[in-house]
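Okay, so here's the structure we're looking at.
The values are calculated or read from the model by the stated rules, or taken from the named source; none is laboratory data. Keep in mind that this is a model prediction, so the values were computed, not measured. With ideal geometry, Cβ positions are generated from the backbone for all residues, glycine too; neighbour counts draw on all protein chains shown.
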Amino acid sequence: MKLHEFQSKALLRARGLTVPEGGVAATGDEARAVAERLAAAGSTKFAVKAQVHAGGRGKGGGIKLADSPDEAGRLADAMLGQPLVTPQTGPEGVIVRKVLVEAGVAIARELYVGLTLDRASRQPVVIASAEGGVEIEEVAAERPEAIHSEPCAPGWGLRPFQAQRLAFALGLEGKASRRVAHVMGQLAEIFGALDGSMAEINPLVITDDDEVIVLDAKIVLDDNALYRHPDLEALRDPSEEQPLEVEAAEHSLSYVALDGTIGCMVNGAGLAMGTMDQISNAGGFPANFLDVGGGASVERVAAAFRILMKAPSVEAVLINIFGGIVRCDRVAKGVIEALETVRVDVPIIVRLQGTNAVEGRAILEASEIEFIVAETLDEAASKAVAAASKTRAIAAEAGSGAGS
Amino acid sequence: MSILVDADTRLLVQGITGTEGTFHTRQCREYGTNVVAGVTPGKGGQQFDDEVPVFNTVGEAVEATGADVSLIFVPPPFAADAVMEAAEAGMRLAICITEGIPALDMVDVVGYCNARGTRLVGPNCPGVISPGSCKVGIMPGFVHREGNVGVISRSGTLTYEAVDQITRAGLGQSTCIGIGGDPVIGTTFSDCLGMFTEDEQTRAVVMIGEIGGSAEEEAAALIADDYPLPVVSFIAGQTAPPGKRMGHAGAIIAGGKGTAAEKMAALREAGVHVVGSPSEIGAKIVEVLG
């Protein structure tokens, strides 16, 4: 689960780290009010930052500087309610619903400090670079020697000597070195305490008088651990998530929207990805990833159909079930039963393999519903691609007929 | 022979009285696996299906029955602890089926198991089967057939699909290992590839990877260094978008890393027979084994 910048900063501030003074606003007036409060405390520069989950906000115009509270209000007004397009959002962008208004900070140096779970060494790793304020992936690709790291060994975490070693590797001295090492230690502790899967301060700013300030922060939490952090679950922002993905999650379905035309319903995540690949290799485009779970129960299949059919681009549905413990005849009956409650007006291609596959296929073929039945994965993908292009041709014909 | 589990395996099931545990213990026993004990805290003294003694702790079960492998069906909040209990009791092998364990719990568990010499397979996996002799997991036994292809996979149903193709092609499997779809797992592709080289029965390996992490690239480096067996591989998720978790907690392209294209290129470079579609796995292994 991704957290917003303002949420991440609140968690870091609670741990004693220094973040700029500021507040969240949902309207231009609110933004102006926050800036006026900051001005009363002595600020003369204000940052207005779009609060969206996508990265690369600066490049998309989602971070602006103002010289007065009025200007901050105007900048916020211009951002709020509008789509923000960044290198990570896709061309349609994401709607900005909140902005963070902060006091400007005089920057002397910008650093990068982050934590991630290193899968190869199977432990969290702290990553630091003297080149802050830019994407760490870019630094890693262009100048890998500028990236330093230290592992957090199970049971020990990041030891102070390791944090110091990183601070020295960044070329820091004296007070700044000690303060940056402290920030690294705190970040590692927060990562462990909150069950983070990624935590990043970029940039971590050093001012002329060696103050160390968290200028931007991003924390991603491990979904599997949220059960033990009910307070953090409350930070979820559903407006940042794809609506169909939210609906699927409510039915315990694993769904990811894509932009193709063949809706997929598969049991198992690996087979679901494999089915998408097979469709693509057959010349088609999957409309989604969808794992109905190993059991493929009637309720889940029905919910899956409802979600699939809400995606407007779907021209055919491909059901691929490998019956292991679940029997294919039961899945076939489940599909038919589900179709009594959900209207599906595009061709349905069904491929059942595994336990009682022959019986399952016979049930589908005997049904009044017109299924396109396939035996192999190969055949199923080809038939789905052909059916989708037929749907498209019929729609085009109907469209031109209406126009003439 | 086979690897990890065989006819001599003495299996213990942790969480044997739960719904999943009960169902799959019966399936394993039906397949012929020697289930010698079960553990459910608080239910010690009961008998499972009138034949398998249930204990309160893994230590008691091991002392009474000599169990050497544990199959774990414990719910996510308690699963990490269950694996540690198995390791502490001296299990040779712990196979954890549970999906949804916090990743940082697994960091501690993997360290704990390594320090005690217990091999962990999983979590979030279908388990391990040596066809014809021993099934320790939730995979459908009937699609398997004893033979000489070793199978290693991060997936569940996609593995059954591959196994089914191998069996239909007239071949069989030595051992099939589901290593799990989580970011932190106990046994890697490289570990399994190493074990297969010491198994006389295994003549070729099918490796089914997916997006996320770098385990396939590490395996490619191992294979490039004179690996003695032919390897066929499919990587799921060629069409997966970046930044999205594809079902498995570990199946995500993060920061532009962990794409199927990178993995396929690394494996090809290492001399692996990489197929582009899952439907080609069976035919390719037949071709490779001649």
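Miscellaneous remarks
- Screening the candidates A:Leu290, A:Leu377, A:Leu308, A:Leu352 for the property of being within 11 Å of chain B (Cβ to nearest Cβ), closer than 24 Å to A:His251 by Cβ and either touching a helix residue (DSSP H, G or I) at 6+ places or on another chain (Cβ under 9 Å) or touching a residue at least 24 places away in the same chain (Cβ under 8 Å) (or both) yields one hit, A:Leu290.
- Meets criteria (more than 38 Å from the chain's Cα centre (by Cα), among the aliphatic types (A, V, I, L, M), exposed (fewer than 15 other Cβ atoms within 10 Å of the Cβ) and modelled with pLDDT of 90 or more) for A:Ala366: yes
- Being farther than 23 Å from B:Leu229 by Cβ, free of Cβ contacts under 8 Å to residues at least 24 places away in the same chain, buried (at least 22 other Cβ atoms within 10 Å of the Cβ) and polar (S, T, N, Q) is a property that holds for B:Thr157.
- Across segment A:242-275, the qualifying residues are those that are at the interface with chain B (Cβ under 7 Å from one of its Cβ atoms) and over 26 Å from A:Lys333 (Cβ atoms), and the one among them that is nearest to the chain's Cα centre (by Cα) is A:Val256.
- The residue of segment B:231-247 that is nearest to the chain's Cα centre (by Cα), among those that are of a type in the set (A, V, I, L, M) and over 30 Å from B:Thr197 (Cβ atoms), is B:Met246.
- Scanning segment B:155-175 for residues that are touching a strand residue (DSSP E or B) at 6+ places or on another chain (Cβ under 7 Å) and within 11 Å of chain A (Cβ to nearest Cβ) returns B:Ser155, B:Gly156, B:Thr157, B:Leu158, B:Thr159, B:Tyr160, B:Glu161, B:Ala162, B:Val163, B:Asp164.
- Note on segment B:229-244: residues that are within 12 Å of chain A (Cβ to nearest Cβ) and either crowded, with 24+ Cβ neighbours inside 10 Å or in contact with a helix residue (DSSP H, G or I) (Cβ under 8 Å, 6 or more places away or on another chain) (or both) total 7.
- In segment A:179-197, residue nearest to the other protein chains (Cβ to nearest Cβ) [restricted to those that are closer than 25 Å to A:Glu211 by Cα and hydrophobic (A, V, I, L, M, F, W, C)]: A:Phe191
- Scope segment A:150-177; condition within 14 Å of chain B (Cβ to nearest Cβ) and not in a loop (DSSP other than H, G, I, E, B); matching residues: A:Pro151, A:Ala153, A:Gly157
- Selection status of B:Ile235, within 18 Å of B:Gly180 (Cβ to Cβ), part of a strand (DSSP E or B) and of a type outside the set (Lys, Arg): yes
- Number of the exception - B:Glu200 against (1) among the charged types (D, E, K, R); (2) more than 14 Å from chain A (Cβ to nearest Cβ); (3) in a helix (DSSP H, G or I): (3)
- In segment B:111-160, the residues that are farther than 18 Å from A:Gly323 by Cβ, hydrophobic (A, V, I, L, M, F, W, C) and touching a Lys or Arg at 6+ places or on another chain (Cβ under 9 Å): B:Cys113, B:Cys125, B:Val128, B:Val149
- Across segment A:156-173, a minimum of one residue is classified as closer than 16 Å to A:Val212 by Cβ and among the acidic types (Asp, Glu).
- Hits in segment A:357-393 (condition: of a type in the set (S, T, N, Q) and in a loop (DSSP other than H, G, I, E, B)): A:Ser367, A:Thr376
- Search result, residues across segment B:125-154 that are in contact (Cβ under 8 Å) with a residue 24 or more places away in the chain, at the interface with another protein chain (Cβ under 9 Å from one of its Cβ atoms) and part of a loop (DSSP other than H, G, I, E, B): B:Pro126, B:Ile138, B:Met139, B:Arg154
- From the list A:Glu135, A:Glu142, A:Glu150, A:Glu173, the lone residue that is surrounded by 17 or more Cβ atoms within 10 Å (Cβ to Cβ), at pLDDT below 95 and out of contact with any Cys (no Cβ under 6 Å at 6 or more places or on another chain) is A:Glu135.
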